[in-house]
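The values are calculated or read from the model by the stated rules, or taken from the named source; none is laboratory data. Since the model is a prediction, treat every value here as computed from it, not as a measurement. Backbone-built Cβ (ideal geometry, glycine too); neighbour counts: all protein chains shown.
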Amino acid sequence: MDSVELFSLKNYVYPRATTAQDSAEALDYVTELVAMAYRGRSSSTRFDSLVCEFNAKPWYFAAPAPEDSYWMFSRLFAQYKPLDWWAKVRVPVLLMYGTEDQRVPARASSARIWATLERVAPQVSLTVYFVPGADHTFRLPPGRGGWPRTPPDYLPTLLGWLQER
């Protein structure tokens, strides 16, 4: 689960990282933050030195306060082992991902689920569909009116898959 958080935080900071060095430093920073949050790495000395070194960078964001629920939530979230649950699935599966998802690495996620099901339940029918241009919530960027849009093929794909089964 920490890899999902790392993916999400990288997508948050990288647009503001203006050089290759900025990107490398941002990666160091978010990697250390996620290690503390998800794996309980208690060495805040390294993190504190990264904060001092990078706090004026355009990509920098402050870590949540020590009492923030982020820390407790992250430790609990880290205990969740999604592939253990996927290994128990014995019904047809439709995995849908937005190609512009900034929260979950769609291709890596689907590949891990696919490999798990192939190993433990190769008879399970698995369909993976990437919704072009969609974000994590299966929405497209706002149109002329300013409202987010639903991809035209999202519901037909979902309903068609269900009807076939």
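Residues in the stretch 16-23: is at least one in a helix (DSSP H, G or I), under 25 Å from Lys81 (Cβ atoms) and of a type in the set (Lys, Arg)? Looking through the stretch 16-23, none of the residues is in a helix (DSSP H, G or I), under 25 Å from Lys81 (Cβ atoms) and of a type in the set (Lys, Arg).
Residues are listed down the side, and each one gets a yes or a no for (1) more than 14 Å from the chain's Cα centre (by Cα); (2) not aliphatic (A, V, I, L, M):
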| site | (1), (2) |
| --- | --- |
| Ser8 | no, yes |
| Ala24 | yes, no |
| Tyr29 | yes, yes |
| Leu33 | yes, no |
| Met36 | yes, no |
| Ser44 | yes, yes |
| Asp48 | yes, yes |
| Trp59 | yes, yes |
| Trp85 | yes, yes |
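Screening the candidates Thr116, Thr99 for the property of being touching a residue at least 12 places away in the same chain (Cβ under 8 Å), outside the structural domain of Leu9 (by TED's automatic domain parsing) and farther than 22 Å from Ser8 by Cα yields one hit, Thr116.
Val104: outside the structural domain of Leu9 (by TED's automatic domain parsing), surrounded by 12 or more Cβ atoms within 10 Å (Cβ to Cβ) and either farther than 20 Å from Val4 by Cα or more than 20 Å from the chain's Cα centre (by Cα) (or both), yes or no?
Details: outside the structural domain of Leu9 (by TED's automatic domain parsing): yes; surrounded by 12 or more Cβ atoms within 10 Å (Cβ to Cβ): yes; either farther than 20 Å from Val4 by Cα or more than 20 Å from the chain's Cα centre (by Cα) (or both): no.
Against the criterion (outside the structural domain of Leu9 (by TED's automatic domain parsing), surrounded by 12 or more Cβ atoms within 10 Å (Cβ to Cβ) and either farther than 20 Å from Val4 by Cα or more than 20 Å from the chain's Cα centre (by Cα) (or both)), Val104 does not qualify.
The listed residues are Pro142, Pro58, Pro122, and the only one of them that is outside any helix (DSSP H, G or I), closer than 30 Å to Glu25 by Cβ and not small (Gly, Ala, Ser) turns out to be Pro58.
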